[in-house]
Amino acid sequence: MTFDRSPVPVFRFAPSPNGLLHAGHAFSAHLNFEAARGLEGRFLLRMEDIDQIRCTSDLEAQMVEDLQWLGLSWEMPVLRQSERFDVYRQALKKLDELGVLYRGYLSRGDIRKFVADFEVDGAVWPRDPDGAPIYPGDARVLSAQELEKRRAGDGPYSLRLNMKAALELIEDRQPLSWWEGKSECLTPESWLEGTRIVADPSVWGDVVLARKDTPTSYHLSVVVDDAAQGVSDVIRGKDLEPATSVHRLLQELLGLPEPRYRHHRLLLDEDGEKLSKSRASLSLKALREAGTSVDQLY
Ligand code: GLU
């Protein structure tokens, strides 16, 4: 994969409108915006609103107001993932045709119970980088009759990537890797300085790529949309760095180009915890209303 496919670098900020933006988002958005400006590139805004229950148009409007307050501007129209479910269905179909997708019938409760039973004597069931238990597989947890019943029924299921089959399919392209930029702040001189990092998607196990009622997931839509929007450079927080392994795998499976990645440091609160949308008092809205100016944010 070469990197000169995009003569004009394309950057994006891709928030999920399921809460209020905080200073960490402002930092990320600024890095992308300033990089685009410094490199005479393009800057896009994408609303990652596939969770139609938690993402609302009020929160989206609030985000736009916050980003305008930060002094950012972006190309129109804003891409909304909730309007692209058909595109994600196509990608799922392709993965299904490759034979790397399967229906998993275990609920979160089933998995919780399985893990609690497994760990009762001190054994440790493996977790993914987000701390969630690796999917144990239906046959390990459900009886043959129960599995048959769920398969025949109308209940919920998730569509999961068969990690083992997926890795076998790209065996000739191993080791999978991504390009990581050296610096989070881009100048024309530092833009192409980076190293390749070896990806290890197996640490995620059989990740969810869709659910019965939602034909996509964060991992699937982010790679489909970065490609669809011609994004050449992804600058995002270090918390998403482990996910890049899954993104590279999906790009290989779907035949999508790989962007350059940069994972920036995370801003911490006064207790050393990373900022989270659940702390409304630290939201940009609250800080603005309390008289904080943009250059005091970080
Ligand atoms: N929507 C993701 C978030 O708000 C960011 C996705 C990305 O930058 O890749 O955390």
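The values are calculated or read from the model by the stated rules, or taken from the named source; none is laboratory data. Keep in mind it's a predicted model, so treat the numbers as computed, not measured. Please note: Cβ atoms are built from the backbone with ideal geometry, for glycine as well, and neighbour counts cover all protein chains shown. Note: areas computed on protein heavy atoms with side chains; ligands, DNA, RNA excluded. Shrake-Rupley method; radii C 1.70, N 1.55, O 1.52, S 1.80 Å.
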Percentage relative contact order, the stretch 35-81, counting C-alpha pairs under 8 Å, at least six apart: 58 percent
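Find the relative contact order for the stretch 1-64 and round it to a whole percent, using C-alpha pairs within less than 8 Å whose residues are 6+ positions apart.
With pairs under 8 Å counted, the relative contact order is 47 percent.
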Taking only the alpha-carbon atoms of the stretch 223-298, what semi-axes of the equivalent ellipsoid follow from 5 times the gyration tensor eigenvalues under a square root, in whole Å, largest first? 32, 14, 11
Summing -39500 (n - 2.57) over the DSSP H runs of n ≥ 4 in the chain and dividing by its residue number, what mean residue ellipticity at 222 nm do you reach, to the nearest 500 deg cm²/dmol? -10000 deg cm²/dmol
Those residues of the stretch 78-98 whose amide nitrogen sits under 19 Å from the label point placed on Val64, 7 Å along Cα→Cβ: 78-84
Taking a probe of 1.4 Å and leaving out DNA, RNA and ligands, the stretch 40-146 shows per residue an accessible area in Å² of 59 Å²
Find the accessible area per residue for the stretch 196-298; the probe is 1.4 Å, ligands and nucleic acids are left out, and the unit is Å². 40 Å²
Defining a contact as two alpha carbons under 8 Å apart and six or more residues distant in sequence, what relative contact order in percent does the stretch 177-298 show? 26 percent
Please express the Cα-Cα pair-distance distribution P(r) of the stretch 50-137 as a list of whole percents, one per 10 Å bin, running from 0 to the bin with the greatest distance. 12, 24, 27, 23, 12, 2
Computed from the beta carbon distance with a Förster radius of 45 Å, FRET efficiency for Leu254 and Glu289 to the nearest 0.05 stands at 0.55
Percentage, to the nearest whole number, of Cα pairs in the stretch 91-220 over 20 Å apart: 58 percent
Measuring from the lowest to the highest alpha carbon on each principal axis, how far does the chain reach, largest first, in angstroms? 61, 45, 39
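Let me make sure I get this right: for the stretch 87-157, a, b and c are the square roots of the gyration tensor eigenvalues over alpha carbons, sorted descending. Under 1.5 in a/c it's rounded, otherwise prolate if a/b > b/c, else oblate. Which is it?
Values: a/c = 2.61, a/b = 1.46, b/c = 1.79.
Judged from the Cα gyration tensor, the stretch 87-157 comes out oblate (a/c at least 1.5, b/c at or above a/b).
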Quick check: pseudo-label points 7 Å beyond the Cα along Cα→Cβ at Lys238 and Cys185, how many nm apart are they? 1.7 nm
How far is the Cα center of the stretch 75-91 from the Cα center of the stretch 229-298, in Å? 20 Å
Leaving ligands, DNA and RNA out of it, report the carbon-plus-sulfur percent of the accessible area of the chain at a 1.4 Å probe. 52 percent
State, to one decimal in nm, how far the label point of Asp96 lies from the label point of Glu270, with both points 7 Å from Cα in the Cβ direction. 5.3 nm
The stretch 145-298, Rg to Rh (Cα coordinates; Rh as Kirkwood inverse mean 1/r): 1.06
Spelling it out for Leu176: with amide H atoms placed in the peptide plane at 1.01 Å from N, the residues 5 or more places away or on another chain with amide H under 5 Å from its amide H are Ala199
